[in-house]
Amino acid sequence: MMNAQALQERIAQVESKRVLLLQFQADLTLGTLSLDVEQALIEMDDLMAEFRQTFPTGVVPPIVID
């Protein structure tokens, strides 16, 4: 089980990797790998949009299991 703090830290790690993908996107020597970089950016943006839609304030409520 993941607590709210751990989830927020993992989301921040994912967001920080986006900068690296943007750098790869600008690299003209990647050839066909540029398609994978493009797909990774799309999926990352979708993931972040879903996270923001689910938790608009960025705060994850505690998970309670009965």
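If every alpha-carbon in the range 4-54 counts as one equal scatterer, what log10 I(q)/I(0) does Debye give at q = 0.19, 0.27 1/Å? Cα-only, vacuum Debye calculation for the range 4-54: -0.66, -1.01.
Whole-Hz Karplus values for the range 5-13 come out as 5, 5, 5, 5, 5, 5, 5, 5, 5 Hz, taken residue by residue from phi with 6.51 cos²θ - 1.76 cosθ + 1.60 and θ = phi - 60°; glycine and proline positions read x.
Treating r as the C-beta distance of Leu30 and Asn3 and R0 as 35 Å, the FRET efficiency rounds to 0.40.
Every read-out reported here was derived from the displayed coordinates using simple, explicitly stated rules and does not represent laboratory data. What you are looking at is a predicted structure, and each value in this text was computed from that prediction instead of being measured. We place every Cβ from the backbone using ideal geometry, glycine too, and count neighbours over all the protein chains shown.
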